[in-house]
Each structure stands twice: as C-alpha cells, then as structure tokens.
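Data block below; observations after.
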Amino acid sequence: MHFDEYRSYDATGLARLVADKGVTPAELLDVARTRAAAVNPRINAIVRDVPAPPADPVDGPFTGVPFLIKDLAQDYAGLPTSAGSRALASIPAAAHATIVARWIDAGLVIFGKTNTPEFGAKGITEPTLWGPARNPWDLSRTPGGSSGGSAAAVAAGIVPCAGANDGGGSIRIPAACCGLVGLKPSRGLTPMGPMTAESLHGSAVQGVVSRSVRDTAAMLDVISGGEPWGPYVPGLPDASFASAVGAEPGTLRIGVRVPTAITPSPHREAYAAVAATVQTLTDLGHHVEELPEAPFDDAALAREFLLSWFVYTAWELAEAKRVSGAGDEAFERDTLILAALGRATSSVDYLDAVQRRHEHTCRLTTYFESYDLLLTPTLATPPPKIGAFDLPAVLERASDLLIKTRTAHLLRFTKIVDDTVEQNLGWVPYTQLANITGRPAISLPLHWTADGLPLGVQFVAPLNGESLLIRLAAQLEEAMPWADRLAPVGG
C-alpha cells in the first residue's frame, strides 16, 4: 500500500480493509513507520518508539490499525511515561494503563508515544526534554497542547487517530490547531487507572484526536466504561456511540458566545469560524441565538481553574521528585514557578476553588434548560508561533533567582497570576468550562484562516451528551467536509 492510499482511509476504513484481507497489519505498520520517518524530523510528534509491536494483533474492531499513544497518563508496560519531564524520562511503567490495554484489546498496533509539555501543564507542546512539536499546517506554529504530538502526527498522516487526554482543553485545543476532531468525554466515562482513580478531581479524561467523526465515536465505544479500581460506574447510552453517526440530531437550540471576560476581543478569524458554522446550522434547520453574556462567570472560572492547576502542579512535582529522586534542576522553570504558586496557596483557598466548581455547573445546567448546546470558537486566535509564550530574558533571570533562593512563592503577591491567566488562557479561554463542570465537549475543524491555518469551533453539551454531539458533528461533517484537506507538513 502506498501512502496516498493509506491517507485516504480513516481508522475505521483501514480496519475494514484488514478484515476483508485487502491489506495486512504488517503492511499498514510499514506505511505508518515510513511516513513517520519522512515527516517526524520536521514535526517532532513521536518521541519514543514502542519496540516490536505484535505481528498478530488482537482481533477487535480496529485490528491492525497503526496507533500512537500520548506520553502522559497512558502507560505502556516496560516503557517510561515521561510526562514531558526529564525527571521521569527513564523510569519504566510497571503495567499498561487501563486505556492502553483497551486499545490493545481493540486490535490497535501501538508503535510510538507522542510529545507533550511537562506534566501536560500548557496549551502548547514545547518541553525542554523533547523539544517543540510543530504544526504540520505551518511548522513555525504550535500544534497546541497538551496532546500536541498526537495531533501533529494525525494531521501529518502518520496515523488516522491517536491517543490524547484533556484536563483543561488538551484534546480540543490541539484538534483545533491541527484541523482534527477532538471530543472530551464526560467526567468518569473513560478510565484513568490503574495508577490513579481520577485526575484533577475528575477534570482530566482520556480520549483521542482523529480525522473523522466515526473514528471518534467508535473509539469512544472502545474506551468507555468503569474499571474495578475506579471511582464511578459511568452511565452508558443504550446504543453504541458509533450508531449515533448518521442519526438525525433533531432540531437543536444552540446558544452562541464569542467574547469572554479573559479575551473580550477575540481574533476576527474566531468570529469568522463561528459565523460560518452558524450559517450552516441555520441552513440545516437549527435555531441558533447569540447570547448577550456568558452563561457562567468566565473570569472567576479561569482564576479558580488556574489556582487548582497550580496546586496540582505542586503535587505532581513533589511526586515526581519522590519517584525519581530528582532535584529542582530536573524540572522546567515554568513548572517550578507554577509549583511555587501552588505551595503558596492555602488549603482553604484551594478547597474554596474546588468547591466553587459546583456554582459553574449549576449555572451551566440552568442554561441547558433553555438550550441544547453551547457554541464557541475553540481558539480565540489562530495557532500561535512556537516560542510565543517564552519568558523574556529579564524575567527568566529574575525567576531563576527566586527559585534558587526558594522565594518564588512571593510571586503570588505580584501580577503573575493575572498575567498567567492572560497569557496561558487568553488564546484558549473557552475549553476549561467543560472540564470544571464535567460536561462533554467537541472541537470540529470547520474553519481555515486566510493563511490556511485551522481554527476549530466547540460545542458543549449537557451531562451524557456525547451521542448528541456525535450526531450533530456527523451532520456538520457532511455539510462542511474537511477530509480532503491535507496538511502540507512544511511543503
């Protein structure tokens, strides 16, 4: 099989070819590895090979389809899970993560792990350990994060679908940056074990980035459901998620909001992305209404989200030190700063931020009494340039001094928290809502800028709204197709 033919199929299509004896798993793996060898030096998406995948994969719904997993919270037994950190780069995992075991049981052939920022703590993928992942649509730009390596690999045609996870937008942001489908499932629907029960108080969930809605739906069928050591027995729909593809979504009431308290003036391309989608939705018979204000306190949500993230980063750093024996020198400057801010947060303030999540959930639930879905851009700007969020040299030196003298906690008395909100969330202010409230959300590649860059749109649904999102996504995929768009991978 040649690459052009391989690229014309999604994962579901490749699995059917294997089942029909039109191609062998070994032939597919050879094409995927050849493509990776050709483009990975340019995009830096794959950071670790998985040696000797089985010649005869398990018989399942995706038998023989090449696949990549994220090097964060997706352990592969015997290989390190670096989480983008130098401290963890050589410590092998004792067992497969539950989600990895489910992918293997589905017949997927895992042959590599993908790039991610340290501890997945950024919406970009530029770790010191591995170097930056690059966007196949423009190599000078980020593929997003923290599942940036997976998204870059799929957009570059190495695999049709790859493992991802999402604690604040880390599936949807890379999907939007790279022209892919990215669904964040509801809290508890997909497993985080066996090493942890849930991550970020359930805000972080497992999933994939893919090129087609049917792949996203079929993958959700593969990975959904509880586990013996998990905290939940999640509710599953009566019918499979895959069966929702092609089913009529009905006439939907959809509220639209583009400006946010963090980003009151999003880029014109963000408005263009939503406008094109609204027109298509209206043509399809849906009722779409612009909202005069956000259906939640987005400024408060952003600050509470980041405060919780600071504390969680402090715990992750301490845990990595415990496991590895590493000192501060093994971690990135930004991670040390975030951890210092986390340690400087009182337990009462932290618990207050976690408890206030229910207020946002209640307000969003009230919104869903009048509307079926919430529509926003996924990004407030086109994908930023690599290095755009690097600290200026003078701040680097000042931060290094504070870290060295163990006084970085004093940063909490400066504007750094406000600056962190503006810098880290200013271009992605829309995604954290679904994580904080535990609701499902999907980013769809429905817009490309005048410069040829993807900029996705996001739909947020009520609890257990995955099937509704899939039905609408498939309808939009037919009305505004994107499968024929190929990333140039630098030309």
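Derivation of every value follows stated rules applied to the coordinates shown; laboratory data play no part. As the structure is a prediction and not an experimental result, all values here were calculated from the model. In this analysis, Cβ positions are derived from the backbone assuming ideal geometry, glycine residues included, and neighbour counts consider all displayed protein chains.
Quick notes on this structure:
- Neighbour counting of Cβ atoms within 10 Å sorts the residues Lys404, Lys321, fewest neighbours leading, into Lys404, Lys321.
- Hydrodynamic radius of the stretch 52-110 by the Kirkwood approach over all distinct alpha-carbon pairs: 11.9 Å.
- Between Ser8, Val428, Gln458, the Cα set farthest toward the positive side of the dipole of the chain (charges on each charged residue's Cβ, about the Cα centre) is that of Val428.
- Separation between Cα centres of the stretch 262-338 and the stretch 45-119, rounded to whole Å: 26
- As a length-normalised measure over Cα pairs under 8 Å and 6 or more apart, the relative contact order of the chain settles at 18 percent.
- Of the residues Val323, Gly193, Ala217, the one whose Cα sits farthest towards the positive end of the charge dipole of the chain is Val323 (charges of +1 on Lys and Arg Cβ, -1 on Asp and Glu Cβ, taken about the Cα centre).
- Extension reserve of the Arg406-Thr280 stretch, reckoned as 0.36 nm per residue once the Cα distance is removed: 39.9 nm
- Of the GluC sites (Glu not before Pro) found in the stretch 287-348, those in coil by DSSP whose Cβ has at most 15 other Cβ atoms within 10 Å are Glu293.
- Using 0.36 nm per residue and subtracting the Cα-Cα separation, the extra length available between Leu486 and Ala77 on full extension is 143.8 nm.
- Each residue of the stretch 434-451 was assigned a 3J(HN,Hα) from its phi angle through the Karplus curve 6.51 cos²θ - 1.76 cosθ + 1.60 (θ = phi - 60°); the sequence is 5, 5, 4, 8, x, 8, x, 8, 9, 9, 10, x, 9, 8, 10, 6, 4, 8 Hz, with glycine and proline shown as x.
- Going from the residue with the fewest nearby Cβ atoms within 10 Å to the one with the most, Leu88, Leu200, Leu301, Leu180 rank Leu200, Leu88, Leu301, Leu180.
- For the stretch 203-286, the Cβ-based charge dipole about the Cα centre amounts to some 320 debye (Lys, Arg positive; Asp, Glu negative; other atoms uncharged).
- Local charge for Ala474 was computed over the other residues whose Cβ lies under 13 Å away, with Lys and Arg +1 and Asp and Glu -1, and equals -4.
- Whole-Hz Karplus values for the stretch 63-72 come out as 4, x, 7, x, 8, 10, 10, 7, 7, 7 Hz, taken residue by residue from phi with 6.51 cos²θ - 1.76 cosθ + 1.60 and θ = phi - 60°; glycine and proline positions read x.
- Fewest-first sequence of Arg357, Arg343 by Cβ atoms within 10 Å of each Cβ: Arg343, Arg357
- With Rh defined as the Kirkwood radius, the inverse of the mean 1/r over Cα pairs, the Rg/Rh of the chain is 0.94.
- Overall, the chain carries a charge dipole of about 840 debye about its Cα centre when +1 sits on the Cβ of Lys and Arg and -1 on the Cβ of Asp and Glu, all other atoms neutral.
- Residue-normalised convex hull volume from the C-alpha trace of the stretch 236-311: 167 Å³ per residue.
- Three-way shape call for the stretch 268-371 based on the alpha-carbon gyration tensor, with the a/c threshold at 1.5: prolate
- Between the beta carbons of Glu293 and Ser346, assuming R0 = 25 Å, the FRET efficiency works out to 0.20 to the nearest 0.05.
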